[in-house]
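The values are calculated or read from the model by the stated rules, or taken from the named source; none is laboratory data. Computed from a predicted structure; not experimentally measured. In this analysis, Cβ positions are derived from the backbone assuming ideal geometry, glycine residues included, and neighbour counts consider all displayed protein chains.
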Amino acid sequence: MNELVFDLEAEKKEILKRYRALLKACKPTLQKGDKSMVRHAFDISLEAHKDMRRKSGEPYIYHPIAVAQIAAEEIGLGTTSVVCALLHDVVEDTSITLEDIENEFGKKVAKIIDGLTKISGVLDYNSSLQAENFRKMLLTLADDVRVILIKLADRLHNMRTMDYMPREKQLKIASETIYLYAPLAHRLGLYSMKSELEDLSMKYTEPETYKFIARKLNEKKAERELYIQSFIGPIEDILREQGFKASVYGRPKSIHSIWNKIKKKGIPFEEVYDLFAIRIILDSKLENEKADCWKAYSIVTDLYRPNPDRLRDWVSSPKANGYESLHTTVMGPKGQWVEVQIRTQRMNEIAKKGFAAHWKYKESSSDSGLDQWIQKVRDLLKSPDSNALDFLDDFKMNLFSDEIFIFTPKGELMQLPANATALDFAFEIHSDLGARCIGAKVNHKLVPLSHKLQNGDQVEIITSTKQTPKEDWLNFVVTAKARSKIKSNLKEEKRRIAENGKELLERKLKSLKITYNTENISKICNYLKFPSTLDLFFAIATGEIDLKNLKDFQASEKSSENKVPERNENSHIEGIFNKVKSKDNDTLLIGEDLQKIDYKLSSCCNPIPGDDVFGFLTINDGIKIHRTNCPNSTKLMANYGYRVIKAKWTSQKELAFLTGLRIKGIDDLGLINKLTTVISNDFKVNMRSITVDSSDGIFEGSIMIYVNDKQHLEDLIKKITQIKGITSVVRFDSDKKTQQGA
Ligand code: MN
C-alpha cells in the first residue's frame, strides 16, 4: 500500500465534499450549535485517522463519514449520534482516549462511544466472533439503543465496501451479518437496511445464485414495468378522483427473499409470482389515517378481487417493531397474484427508519411495542446462569418471528411470537403464573399447556400450587422468556436434589477410605463419564448410578497410575491447525493425499468438487468439509470463526461424490425408465438410491447419485431437464433431515 502514490490534494477535496454531503443529510435535525459540534467531531476524527487507509487504499476518514451519513439519512438519527458515528473508531484505533472525548463532547457522547468500543470485538476482523460478544452487544442495546443503531450503520457500510477483503473474511463477516445483524435490523423496524444486509450477505456467501437471480430479474425488467403500469393506472385514477394525494409504485422484492421463496417452495425462478409488491403511500392527516387506508383498500379491491386469506391489518394493531401497514394480495391482469401494501407517509417513514422515526412521532413512546421488547431483552439478560450460546439461540428465535395478538380474560391485548403456546402466554404474564400453570382455557374451552394459540384467542390460565416446571416443557415453548425461566427453574431443582447425592457420596468415600476433595471428585466424574459434578451428584441422588461402582473406580485408579494423561482438547486443535498452516496459503487441499490431514465431507450438505467450501474443525471428529451455503455454515462461522479452515478442491476425476437431486414432473408411462437411462447409460453415473412418489399424474422423486464434480452434476441436470414431462430438477443438501452439530 505504501508504494502507491496518492493524489493528496484531490483527496482533500473529496473529503470536504463528503463532509458537506453529511451536513446536508443532518439538516432536518440540526439545532443551534449542532453544526459546530459536528464540525468539531469531524476535525478530531480527520486528524486522528490521518495516517490510516482502508483496505481499498482510500483515506480511512471516508468510513466514519459514511457511517455518520447512514445514521443521519437512512436511520434518521440526530446530532449526538452523528457525532458518535464520526468518532466511533477513534478510541479503538488511535491515541485519543475516552476522557478526551468526554472533555470535548460531554458524558452522553462518551458513554455511547464507550459502548461502541466495548463491543468492538464483534467487529474486529481478526478476532473470532462468539456468542459472548453478541451477548455483550445486546447488553449495550439494553443500555442505549443508539449504540446498536450506530453499530448497524457501521456494519452496513463495511458490508457495502467489502470487495477488498480476503475471501475468508468476507465469508465470516457475511455470516455474522445474516446471523445476527440482519435480524436485529428487522427487530428494530429497519426494513430497508435489513433487506440490503441480507442481499449483501448473499452476494458473498452465494455469489453464483445471487448473480443468477439478479440477471433473471433484469431480463424481465421491461416486461414487469409494463405490467405494473397497467396495474396501478386505474388505481391512481380513482384515488385522484376521490381527492387523495398519493404515490403509487411497484417495488421489486429483494434477491434474498426471492431466493428464500425458491428454496422453501422448491420451485424454479420462473414460478415465483411475487417478484414485486405495489405500494400505495397516502398523504394523510394523523386523525384520518386509518379511515384513508381502508378507503384505499376498498378502491383496490373494487378493481381487483382480493385473496381473503392474505389480508394483514397492521394499522389497527401495529407489529411489535412498530411497523404499520395494510397488506392484501389481489388477482391482477393475466391471472397473476399481486401484493398491495397500503400505508401513510408517516407509516412509510417508520417502515424505513424504524426506531428513530418511531421516537419522532410518539411523544412518549413507553407504550410502543418496541420499548416493551427492549424491556424484555433487559429482563432476559438478567437471568444469571444462561449459557451464552443457549441464550443467543433462544433470543434469535424471537428476532424474526411474526406476531400474534392474544387477549387476556379482562380484554387486554398481548403480543406473542407466532406458534406461541398457552404456556408461553402464562410466562409472558408472570413467571410464577408460568411455573404453576397446569392448563388453560382458550375461548372458554379447556386445552393443554402445549396448545398453540391463534391470532385473536382469549386465554385464561389455570394454575395449581402443586405444579413445578418440567423438562419436556422446553419441547414446545417458543418465547425466550419462557425458555430461560424454565431452564433456570429446572437447574435450581436439580441443584436441590443434587445436594442429597453429594452427601451420599461423601459417606461412601469415607467408607472406602478415599479422601473427599475436588481432585478425586473430578476423577470420579471423568471415570463415570458425567459432564459436570452437578450431573454426577444428581445421578447419585436419583439412584441412576449405583455407588458400588466406586470399587471398580478404586481398582482402576491403582492400575492406571502410569497411564499417559489424555491429550488436551485445545492442543489437539492447535496441532491440526499448525499442520494446515504450514501448507501453501494456509489452505487445506481436498483430495490431496500428500497433506496427510484427515478430513470428512460433511453429510449435512454433501459437498462435491467445484462447490465453494470451507473446513471446520470439530472437537471429536476431525475436520469436516462444508459448503459455504450449507444450512449450518452461518452458525458455525459466526460462532466458531477460529475453527474455520480455508479449503479448496484439487482436480480429481477418478473420485465420486454423493449428492441428491429432487425431480418433479408429470407422470407418464416410462418416465422413470427414461430417467434411469439418462443417468446410468448416457452419463454412466452410479445411483445409490431412488425414491419415487406419484399420485394423480404428478411425479416426485429423490435420487442419490455419485458424481465427479459440480460441472458433471450441472451437465446431468441439464440433460434430465430436457426429458419430456420433467418440470423441475433441483439439487438438495442432504438425504436426512437431521442437522449436524458442531
Ligand atoms: Mn467502523
Could we say that residue 112 is crowded, with 18+ Cβ neighbours inside 10 Å, more than 30 Å from residue 613 (Cβ to Cβ), aliphatic (A, V, I, L, M) and at pLDDT 85 or above here? yes
Pick from region 3-35 the residues that are small (Gly, Ala, Ser) and touching a residue at least 40 places away in the same chain (Cβ under 8 Å): which of them is farthest from residue 70 (Cα to Cα)? 21
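Conditions tested, residue by residue: (1) modelled with pLDDT of 80 or more; (2) surrounded by 15 or more Cβ atoms within 10 Å (Cβ to Cβ); (3) in a helix (DSSP H, G or I).
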position	(1), (2), (3)
668	no, yes, no
673	yes, no, yes
680	yes, no, yes
690	yes, yes, no
694	no, yes, no
700	yes, yes, no
Somewhere in region 171-179, is a residue aromatic (Phe, Trp, Tyr) and at pLDDT below 85? yes
Failed criterion for residue 88 (all others in (1) within 12 Å of the ligand (Cβ to nearest atom); (2) more than 25 Å from the chain's Cα centre (by Cα) hold): (2)
Would it be correct to say that residue 243 is at pLDDT 90 or above and closer than 26 Å to residue 189 by Cβ? no
Going through 137, 159 one at a time, which residue ends up being within 29 Å of residue 80 (Cβ to Cβ), within 16 Å of the ligand (Cβ to nearest atom), at pLDDT 90 or above and surrounded by 19 or more Cβ atoms within 10 Å (Cβ to Cβ)? 159
Output the number of the condition that residue 2 fails; it satisfies all remaining conditions of (1) at pLDDT 90 or above; (2) in a loop (DSSP other than H, G, I, E, B). (1)
Does residue 652 fit the bill of being under 28 Å from residue 679 (Cβ atoms) and at pLDDT below 80? yes
Could you tell me which numbered condition residue 55 fails, if it satisfies all but one of (1) over 23 Å from residue 352 (Cβ atoms); (2) at pLDDT below 90; (3) more than 14 Å from the ligand (Cβ to nearest atom); (4) not acidic (Asp, Glu)? (3)
With respect to residue 25, determine if the residue is within 16 Å of the ligand (Cβ to nearest atom) and either out of contact with any Cys (no Cβ under 8 Å at 6 or more places or on another chain) or modelled with pLDDT of 90 or more (or both). no
Report the residue count in region 419-450 for those that are of a type in the set (A, V, I, L, M) and within 14 Å of residue 480 (Cβ to Cβ). 2
Here the qualifying pairs (Cβ atoms under 7 Å; residues six or more apart or on different chains; first in region 226-240 and polar (S, T, N, Q); second loosely packed, with under 12 Cβ neighbours inside 10 Å) come out as 230/333
Is one or more of the residues making up region 485-495 modelled with pLDDT under 85, surrounded by 17 or more Cβ atoms within 10 Å (Cβ to Cβ) and of a type outside the set (A, V, I, L, M)? no
Show the residue pairs that are 6+ apart or on different chains and have beta-carbon atoms under 7 Å apart, the first residue being within region 48-68 and closer than 13 Å to residue 15 by Cβ, the second being in a loop (DSSP other than H, G, I, E, B) and more than 11 Å from the ligand (Cβ to nearest atom). 49/61; 49/94; 53/1; 60/52
Counting only residues that are among the β-branched types (Val, Ile, Thr) and touching a residue at least 40 places away in the same chain (Cβ under 8 Å), which one in region 91-114 is nearest to the ligand (Cβ to nearest atom)? 94
Hey, residue 277 in a strand (DSSP E or B) and not charged (D, E, K, R) or not: yes
Across region 58-85, which residue is farthest from the ligand (Cβ to nearest atom) among those that are closer than 25 Å to residue 186 by Cβ and of a type in the set (S, T, N, Q)? 80
Members of region 606-649 found to be in a loop (DSSP other than H, G, I, E, B), modelled with pLDDT under 80 and of a type in the set (A, V, I, L, M), listed by number: 619
Looking at the structure I just gave you, is residue 643 under 21 Å from residue 728 (Cα atoms) and touching a residue at least 12 places away in the same chain (Cβ under 8 Å)? no
Report, ordered by the first and then the second residue, all pairs with beta carbons closer than 9 Å, sequence separation of six or more or different chains, a first member in region 475-494 that is of a type in the set (Phe, Trp, Tyr), and a second member that is crowded, with 22+ Cβ neighbours inside 10 Å. 476/421; 476/423; 476/424; 476/449
